[in-house]
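*Asks:* The structure follows.
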Amino acid sequence: MNAAIIWDKAFAEHDTGDHPEGADRISTMIDHLRGTDLWPGLTVVKPETATESDILLVHTRRHLELIKRAAEGAGTWIDADTHVSPRSYETALLSAGGAIAATRLWDRGLVPFALIRPPGHHATPDRAMGFCLFNNIAVAAAKLLEEGCERVAIVDWDVHHGNGTQAAFYDEPRVLFVSMHQWPHYPGSGFFSECGEGAGEGYTVNLPLPAGSGDGDYSLAFQEVVEPIVTQFAPQAILVSAGQDIHSDDPLGAMDVTDGGFGMMALRCLRLARELSGERLAFVLEGGYDREASARSAEAVLRALVSEEAPSAGTAPGRAAAAIERARETQAVYWDL
């Protein structure tokens, strides 16, 4: 498989100062990848800026204008976690554009990893939060729907629940949202019973997992819940909110996933995309706050895509078996599990 990365040095212009979600998150990954044997074979693509019309597919006009105004002058804090600097509005548009750009590479036979910031999956249609300004992956999914795609699956393995993505599509049957996340943890949403509403009931799948869940637990979650449901949904495209903060070294989470665990999940997603969606698969960076661990896990994702070989990862389920079974039982109302 041919892999690509989407990246621009302009992502550093979103200046958060001394903050976990700092500009060096991306530059450390790029420097690390440049030192690997993968780099010569990777296609590197610069994103184009998303338009305001793209953002408005997900967000309210009031939200867009709030971010634009907040970035004027010296910048400000939107909440206790989320900072906006003078170039943050333009950088957030570029980040959303990076997620859209990922979906444009499929015709070239590429599976992309969009290494973009600020991240997006906490941004709801009308609120910035959790380091996120615009919801990059939701904008990319909404753009696919606008262009005629009938079914899009979003798989979110970030340590935090993707509450913004869930909110954007909670009543939308054309988008399947699957989230595996630490529970209890920020932002406090993503319980088993949150399954969608109206026409979208059954198309939100939450797997709240206990702290300490590792490679084997995530493998079991894919096997028992994620893969059967995604297969039955039969998406025409699969987007992955690829948060690196489930890594055992991450300071903002308490999960126990290894480098190899990321490769294992990436390979499982690739196999699903090959079977269901003509390899229309894209990874979009969300969290990940230990710089070296995030760089290694990004390498692991790309290496799994290129080699298509199962990496060395922990295999035995540990803490999460009961939670995965509860998620399976909850979702069995809607899916054949």
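Here, each number is a calculation from the coordinates, and none is a lab measurement. A quick note: this is a predicted structure, and the numbers were derived from the prediction, not measured. We place every Cβ from the backbone using ideal geometry, glycine too, and count neighbours over all the protein chains shown.
*Asks:* Shape call for region 272-312 from the C-alpha gyration tensor, a ≥ b ≥ c root eigenvalues: rounded (a/c under 1.5), prolate (a/b greater than b/c) or oblate? Mind showing how you got there, number by number?
*Replies:* Values: a/c = 3.50, a/b = 1.64, b/c = 2.13.
In terms of gyration-tensor shape, oblate.
*Asks:* Label point 7 Å out from Glu308 along Cα-to-Cβ: which residues of region 213-240 have amide N under 18 Å?
*Replies:* 238
*Asks:* Karplus couplings for region 118-133 from phi (6.51 cos²θ - 1.76 cosθ + 1.60, θ = phi - 60°), rounded to Hz, Gly and Pro as x?
*Replies:* For region 118-133, the Karplus curve yields x, x, x, 6, 8, 6, 7, x, 10, 8, 8, 6, x, 6, 10, 9 Hz.
*Asks:* Hey, another quick one. Rounded, prolate or oblate, given the Cα gyration tensor of region 178-337, with a/c below 1.5 counting as rounded? Write down the numbers at each step before the final one.
*Replies:* On the way: a/c = 1.63, a/b = 1.18, b/c = 1.38.
Note, shape of region 178-337 comes out oblate.
*Asks:* For region 102-132 and region 2-17, what is the separation of their Cα centres, given in Å?
*Replies:* About 11 Å separates the Cα centre of region 102-132 from the one of region 2-17.
*Asks:* May I pose another question? Under a point spin-label approximation (7 Å from Cα along Cα-to-Cβ), what is the Thr231-Ala254 distance to one decimal in nm?
*Replies:* 3.4
*Asks:* Would you kindly calculate the translational diffusion coefficient of region 40-89, applying Stokes-Einstein with the Kirkwood radius from alpha carbon pairs, for 20 °C and a viscosity of 1.002 mPa s, and quote it in µm² s⁻¹ without decimals? Before the final figure, lay out the partial values.
*Replies:* Details: Rh = 12.8 Å.
Calculated translational D: 168 µm²/s.
*Asks:* Counting other C-beta atoms within 10 Å, which of Leu64, Leu38 has the fewest, and how do the rest follow? Write out the running numbers ahead of the final one.
*Replies:* Working: Leu64 20, Leu38 17.
Fewest-to-most Cβ neighbours within 10 Å comes out as Leu38, Leu64.
*Asks:* Continuing with this model, one more query. Among 136-145, 209-218, 173-182, 40-49, how do they line up from the highest to the lowest mean number of other beta-carbon atoms within 10 Å? Let's see the in-between values first.
*Replies:* Working: 136-145: 27.2, 209-218: 22.8, 173-182: 25.3, 40-49: 15.4.
Those peptides, ordered most packed to least, come out 136-145, 173-182, 209-218, 40-49.
*Asks:* 222 nm [θ] for the chain, helices only, -39500 (n - 2.57) per DSSP H run of 4+, per residue, to 500?
*Replies:* So the helix-based figure for the chain works out to -10500 deg cm²/dmol.
*Asks:* If you take the alpha carbon radius of gyration of region 198-265 and divide it by 2.2 N^0.38 Å, what ratio comes out, to two decimals?
*Replies:* Values: Rg = 13.4 Å, N = 68, 2.2 N^0.38 = 10.9 Å.
Relative to the 2.2 N^0.38 Å estimate, region 198-265 comes out at 1.23.
*Asks:* On alpha-carbon atoms, Rg over Rh for the chain using Kirkwood Rh? Mind showing how you got there, number by number?
*Replies:* Working: Rg = 18.0 Å, Rh = 19.3 Å.
We get a ratio of 0.93 for the chain.
*Asks:* Related question: Within a 10 angstrom radius of the beta carbon, how do Glu329, Glu21 rank from fewest other beta carbons to most?
*Replies:* Working: Glu329 11, Glu21 20.
Going from sparsest to densest Cβ surroundings: Glu329, Glu21.
*Asks:* Express in whole angstrom the spacing between the alpha-carbon centres of region 25-55 and region 260-337.
*Replies:* First find each Cα centre; the distance between them is then 20 Å.
*Asks:* Further question: When only C-alpha pairs under 8 Å and at least 6 residues apart count, what is the relative contact order of the chain, in percent? Don't skip to the end; give the middle numbers.
*Replies:* Details: 809 pairs, mean separation 63.0, N = 337.
Reported as a whole number, the value is 19 percent.
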